[in-house]
1. Within region 84-125, how many residues turn out to be among the β-branched types (Val, Ile, Thr) and either at pLDDT 90 or above or over 30 Å from residue 49 (Cβ atoms) (or both)?
2. Just wondering, is there one or more residues in region 12-34 that are surrounded by fewer than 18 Cβ atoms within 10 Å (Cβ to Cβ), modelled with pLDDT of 80 or more and of a type in the set (Val, Ile, Thr)?
3. Pairs please, first residue from region 125-145 and within 13 Å of residue 212 (Cα to Cα), second anywhere and assigned to a helix (DSSP H, G or I) and among the basic types (Lys, Arg), Cβ atoms under 8 Å, 6+ apart in sequence or on different chains.
4. Here's a check for you: in region 36-84, which residue that is among the hydroxyl-bearing types (Ser, Thr, Tyr), touching a Ser or Thr at 6+ places or on another chain (Cβ under 7 Å) and assigned to a helix (DSSP H, G or I) is farthest from residue 168 (Cα to Cα)?
5. Kindly indicate the residue of region 103-146 that is within 19 Å of the chain's Cα centre (by Cα) and among the charged types (D, E, K, R) and also surrounded by the fewest Cβ atoms within 10 Å (Cβ to Cβ) among those meeting that condition.
6. Identify all residues within region 35-64 that are at pLDDT below 85 and over 22 Å from the mean Cα position of the chain (by Cα); write none if there are none.
7. Can you pull out every residue in region 153-165 that is under 19 Å from residue 137 (Cα atoms) and out of contact with any Leu (no Cβ under 7 Å at 6 or more places or on another chain)?
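The values are calculated or read from the model by the stated rules, or taken from the named source; none is laboratory data. In this text, all values refer to a predicted model and were calculated from it rather than measured experimentally. Backbone-built Cβ (ideal geometry, glycine too); neighbour counts: all protein chains shown.
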Amino acid sequence: MPGKQRGIFSNLNSEKNGTTAEEVVTRLRDMIQNGELAAGDRLPPERDLAKLLGVSRPTLRAGIRSLTTVGILQSKQGAGTFVAEVEDSPTLDTSALRLLSALHGFTSDEMFEARIALEMSIAALAAERATSEQMAQLAEEIAGMYASVERPEQYLIHDMQFHQTVAAASGNRILTALMNMVASILFEYRSKTVKRATDLKDSAEQHHNIYRAIREHDQEAARQAMRYHLVETQRAQRLEVDEQARAKEKESGRNGRRK
């Protein structure tokens with residue numbers, strides 16, 4: 001590992017135990033925003049980076065996976081993990097949207113409405129412009145979804161990558177960046193509840209319908225398939241949140257009785 005890079009990461013060494021994947025995400029994002037990491041830079045090997053950040057390798061891996069999913073990092077088999085090139089996956093910083101959400105109380109429903117409006121247009125453009133390589137990538141992500149319906153966290157990664165590929169296929173970098181900004185926040189919300197999902201096979205079928213419409217260059221069908229899928233995703237997330245709340249309430253009741 002180059003000495004310069006070692007020095008950059010050594011400043012992040014945690015002084016406390018239990019550092020979370022979310023803190024890893026925040027630290028790496030800050031380094032990118034501050035110019036300490038630039039597009040195309042390769043991260044140190046996992047073992048070295050975990051030691052420098054003072055975190056466990058599973059925690060580091062989870063943080064890197066989150067950043068890869070939203071297009072900030074890019075994993076290249078056999079080469080390592082890199083800061084994504086801007087032209088590969090344009091992503092706007094989500095901190096401003098998070099701040100506005102905290103100040104004004106933006107709801108999950110409003111986030112979904114924004115995402116639906118963006119992705120319906122994106123799907124229609126993808127039906128017009130998708131390349132054969134992008135279609136092959138979409139097919140690969142769908143195969144990954146079907147293969148991981150019993151592993152919700154892994155399924156969610158294929159799900160996000162599918163939507164990012166559709167956005168890239170639209171050929172509109174502004175819409176792609178806006179979609180990634182909103183979708184990355186919703187992804188983080190759902191990553192906390194998706195393990196309670198019960199309808200992932202249905203979700204995979206919905207993605208397949210979107211893929212089919214894009215492959216057939218049917219713009220209206222692509223718009224409607226995307227809308228239906230996102231409405232159903234919103235419904236599923238509500239159910240997962242409710243189930244999580246009931247589970248916490250039940251656990252709280254058991255702990256109360258033990259006292």
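1. Step one: of region 84-125, the residues among the β-branched types (Val, Ile, Thr) are 86, 91, 94, 107, 116, 122.
Narrowing further to those that are either at pLDDT 90 or above or over 30 Å from residue 49 (Cβ atoms) (or both): 107, 116, 122.
So the answer is 3.
2. yes
3. 130/215; 135/215
4. Quick first cut of region 36-84, residues among the hydroxyl-bearing types (Ser, Thr, Tyr) only: 56, 59, 66, 68-69, 75, 81.
Within this subset, residues satisfying the condition of being touching a Ser or Thr at 6+ places or on another chain (Cβ under 7 Å) are 59, 68, 75, 81.
Next cut, assigned to a helix (DSSP H, G or I) only: 59, 68.
Values: 59: 29, 68: 15 Å.
Ranking the qualifying residues of region 36-84, first place goes to 59.
5. 109
6. First, the residues of region 35-64 that are at pLDDT below 85: 35, 39.
If the condition is that a residue be at pLDDT below 85 and over 22 Å from the mean Cα position of the chain (by Cα), then 35 is the only one that fits.
7. Kept after step one, since they are under 19 Å from residue 137 (Cα atoms), are these residues of region 153-165: 154-165.
Listed by number, the residues that qualify are 154, 156, 157, 158, 159, 160, 161, 163, 164.
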